[in-house]
Amino acid sequence: MTEKHRRAKYTPEFKMEAVRQVSSGQAIAVVAKVLGIPSASVGNWVRLAAQGQLSGVGADSAAAKVSPEQMELARLRAENARLRMERDIAKKAAAYFAQDTLRGTPGFTK
């Protein structure tokens, strides 16, 4: 049983939004995860944008345009993912330092 995989088509606006998020400091993997696309695609778009070749590459004229609301939603999702990552790092650091403090407390066994 074979399944045919359909190649996804993204609008130039969607690609440029992904590139904008990466250029604003987001990691490629985070942007890709938030947008639900392969990180290799985002990396290729970033590389093409740096070379000035991104506009319209692989664009389908029948593809739906990305609305400003969709772009804002993608930006907010990326920001949410970044903030969650920062929160998780802070939690791990706090647990590490709390454990280190407990080691110096009399009666602590581990």
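Which residue is modelled with the highest pLDDT, if the candidates are limited to region 91-110 and must be basic (Lys, Arg) and over 33 Å from the mean Cα position of the chain (by Cα)? Working first, answer last.
We begin by selecting, within region 91-110, every residue basic (Lys, Arg); these are 91-92, 103, 110.
Those still in the list that are over 33 Å from the mean Cα position of the chain (by Cα) too: 103, 110.
Details: Arg103: 75, Lys110: 59.
Checked region 91-110; the qualifying residue modelled with the highest pLDDT is Arg103.
Tell me, yes or no, whether region 54-71 has at least one residue that is modelled with pLDDT under 90, surrounded by 11 or more Cβ atoms within 10 Å (Cβ to Cβ) and under 14 Å from the mean Cα position of the chain (by Cα). Yes, that holds for at least one residue.
Table: residues versus (1) modelled with pLDDT of 85 or more; (2) part of a helix (DSSP H, G or I); (3) touching a His at 6+ places or on another chain (Cβ under 9 Å).
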position	(1), (2), (3)
Met1	no, no, no
Arg6	no, no, no
Phe14	yes, yes, no
Gln21	yes, yes, no
Gln26	yes, no, no
Ala29	yes, yes, no
Lys33	yes, yes, no
Ser41	yes, yes, no
Arg47	yes, yes, no
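Within region 34-46, residues that are at negative phi and small (Gly, Ala, Ser) have Cβ atoms under 8 Å from residues that are outside any helix (DSSP H, G or I) and crowded, with 19+ Cβ neighbours inside 10 Å in these pairs: Ser41/Tyr10, counting only partners at least 6 apart in sequence or on another chain.
The values are calculated or read from the model by the stated rules, or taken from the named source; none is laboratory data. The structure presented is a predicted model; accordingly, all values stated were derived computationally and were not measured. FYI the Cβ positions are ideal-geometry reconstructions off the backbone, even for glycines, and counts take in every protein chain you see.
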